[in-house]
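Notes follow the structure.
The values are calculated or read from the model by the stated rules, or taken from the named source; none is laboratory data. All values reported here derive from a predicted model rather than from experimental measurement. Glycine gets a Cβ as well: all are built from the backbone with ideal geometry, and neighbour counts include every protein chain shown. Only protein heavy atoms, including side chains, enter the accessible area calculation; ligands, DNA and RNA are left aside. Shrake-Rupley method; radii C 1.70, N 1.55, O 1.52, S 1.80 Å.
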Amino acid sequence: MSRRRAPKGQGEGARRLWLLPDPGEDEPFIDVGKDGRGTLHVSVAREGRHDDFRFVVTAHHIAVAERSALRRWAVFAVLFGELAVFHADAAPARPPATCQQVIDTILGGTDSEVEHYLTRMNKRFLGGLRDSLALLSKTELTRSSDREAFEKRLWFGVEPLIMSKAERARRAQETHRAAADREIAVRKIFEPYNDALLMAERDGVVQHVVELFGSNPVISEFLVGAPAHHDRYLTFGSGGEIMVRDGAVKAIFFHVRPTEAAQHGFTGLSTLIPGLRQDASRSQVEDALGKPVVGRTGPSTTLSVGGGFVKVFYDTWAKKDAPNHLKLIQLTAEDTYARTDPSDERCPCCAGMLVRTASASGGVDVGSTITALRHGVAAGRLRQAHRWVALQDMLSLHDSGLMEHVAAHLECTICRRHMAFALHRDADPTFEYVSLNDIRRRTPEPVPPVEQWGDADRIAREAQRPEQVATDGSSWILFAVGEQLFMNARCWYSAVDGSRLIRLEAAEVRQYERDGEAYLSRLQKTINRTWTSEEDPWRSRDLTRGGMSNEEAIEASLAAPQEEQA
């Protein structure tokens, strides 16, 4: 943004105050004389030449600049931007006299005047300047990472003002050309692997991938779901892996993190994708592979590459420049955005939930599978979708013959896949791993009244279930169990929402009996006001349980010892 030059012209006894964080031979700077007054030097580059500007500053100005890094940067940023905007005749857009007023405002004015001026300047600097200065006030410029972040933000505000239209067009063309070249290079990198997708294991293109990964793979085979798919994995010591489903290649993996078969992970990553290392950050991955499909952000990102899709998995929602979060690269023939990922087929949390037996219908041991799923829910590994049939009711409903399909849906807390387990009246049981998108497209079959299929104990439990007695349709629901009342208050802040499920105390019940639903609306607003606060007084009364419906959370609270409820 400025040029280096030797500190010439300092008089005897004078000193130099640099406005940039690092002392050195770089503009802008203030030469301070013995009398305490000084001269501010600014040099602006334009089309190969430099225009030098000098401004008189007072002792008060210098004292403020020495005391406040924020003021120093404000002088540099605003003044540099003002002087760098040229008319067609190459004269400065602002004359030096006006720029002197800028100096007086920033170094001589109050904080409110500086804030007002920077707010006004925000329109010309396209938001970059004020954001940069706001960032500066929260960072420590002695740390290189903070200084780099600030300088990038500052340059974002200044650069558009000093760049000509021709230069802007040239840079845009360069960016477009670089992106096109990278796209071609990435397509060539993954082309042998893309060619192998959907091909039989013995096909030549698949065997070529085997040669690229190494030799003597460890082979594991197992059945998935019902009706069963036959999965076969070829796992290589290099960190590569080929997944074959029902005889055709479904996915190819590059395990960046160490695995049991590859103790050092996929060490050939930098050879496969030049410049990309195992400890790469998200921004470095994007520099090497390109930007992901629009809207695909989070712990994984998807890129369309040639005839396939490359999905990059990270171990957390890390910052873009944070290293060592790259976990896995998955290559598939179809976009798995709204589907399950092949990399989840061996999820340690939910992969073994289906219990098989050779003697049972369809090879599924229904009783043992229900037991395994219930244990998973009790241990917190699974969450049950409560608008579907409860696991404990499946056998009774199926034996009654009242339903065509008795279906339960559960979600894995690790891989987030959903398990759809169904008992059919005239067909074998089915067990599928599906995505949330698939679950939402399905409509559960209505469950008949419990009196038609439940035993005496089940009917008695149903009679004790919480009953919804009132709601305003959007912000609160009131439940009753005997004489006790429970309220679910919806809460939200910006784009985040949640709820508080509380049991009404005696005084609150009396208020409800006196004022009716208007009281519940007021109570919901009171709860919503503080629900994101660390000192939220309603948090200790919240009965919400992860994975439970309102009704189940209420039942669990009633079953707890009386002293826990107090």
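Accessible area ranking (1.4 Å probe, heavy atoms, ligands and nucleic acids excluded), largest first, for 475, 368: 368, 475. Look at the Cα gyration tensor of the stretch 493-535: its axes a ≥ b ≥ c give a/c of at least 1.5 with a/b over b/c, and that counts as prolate. Under 17 Å from a label point set 7 Å out along the Cα-to-Cβ vector of residue 395, the amide N atoms of the stretch 439-471 belong to 453-459. When the square roots of the Cα gyration tensor eigenvalues are ordered a ≥ b ≥ c, the ratio a/c for the stretch 434-563 is 1.5 or more and a/b does not exceed b/c, which makes its shape oblate. If the chain linking residue 464 and residue 210 were pulled fully straight, counting 0.36 nm for each residue of separation and taking away their Cα-Cα distance, it would gain 85.3 nm.
Extents of the stretch 316-407, largest first, come to 58, 27, 22 Å (Cα atoms, principal axes, whole angstrom). Placing pseudo-labels 7 Å out from each Cα toward the beta carbon at residue 183 and residue 54 gives an inter-label distance of 5.4 nm. Looking at the stretch 210-287, the accessible area is 47 square angstrom per residue; that uses a 1.4 Å probe and ignores ligands, DNA and RNA. A 1.4 Å probe, protein heavy atoms only, puts the accessible area of residue 264 near 140 Å².
Cα centroids of the stretch 346-403 and the stretch 432-466: 14 Å apart. Under Stokes-Einstein, with the Kirkwood radius over Cα pairs as Rh, the value for the stretch 184-297 at 37 °C and 0.692 mPa s is 214 µm²/s.
Quick one: Debye curve from the C-alpha atoms of the stretch 394-454, no solvent, what's log10 I(q)/I(0) at q = 0.17, 0.19, 0.23, 0.30 Å⁻¹? Each listed q corresponds, in turn, to -0.62, -0.74, -0.95, -1.24. Given points 7 Å out from each Cα along the Cα-Cβ axis, report the residue 324 to residue 287 separation in nanometres with one decimal. Computed distance between label sites residue 324 and residue 287 equals 1.9 nm.
With the cut-off at 1.5 for a/c, could you classify the stretch 444-511 from its C-alpha gyration tensor as rounded, prolate or oblate? Please report the intermediate quantities before stating the final value.
Numbers: a/c = 3.16, a/b = 1.54, b/c = 2.04.
Since a/c reaches 1.5 but b/c is at least a/b, the shape of the stretch 444-511 is classed as oblate.
Measuring between alpha carbons in the structure, the pairs from 250/311; 291/311; 188/319 lying more than 18 angstrom apart are 188/319.
Computed in the context of the full set of protein chains, the accessible area of the stretch 382-536 at 1.4 Å probe radius has 46% of its extent on carbon or sulfur.
Charged neighbours of residue 297, selected by a Cβ distance under 12 Å, balance to +3 (K, R count +1; D, E count -1).
When all protein chains stay in place and ligands, DNA and RNA are ignored, the 1.4 Å accessible-area order of 304, 400, 494, largest first, is 494, 304, 400.
Residue order by solvent-accessible surface for 320, 34 is 34, 320, largest first, with ligands and nucleic acids left out and a 1.4 Å probe. Across the stretch 165-239, counting alpha-carbon atoms alone, Rg and Dmax equal 20.2, 63 Å. The modelled label-to-label distance for the pair residue 15/residue 551, using points 7 Å beyond Cα in the direction of Cβ, is 7.8 nm.
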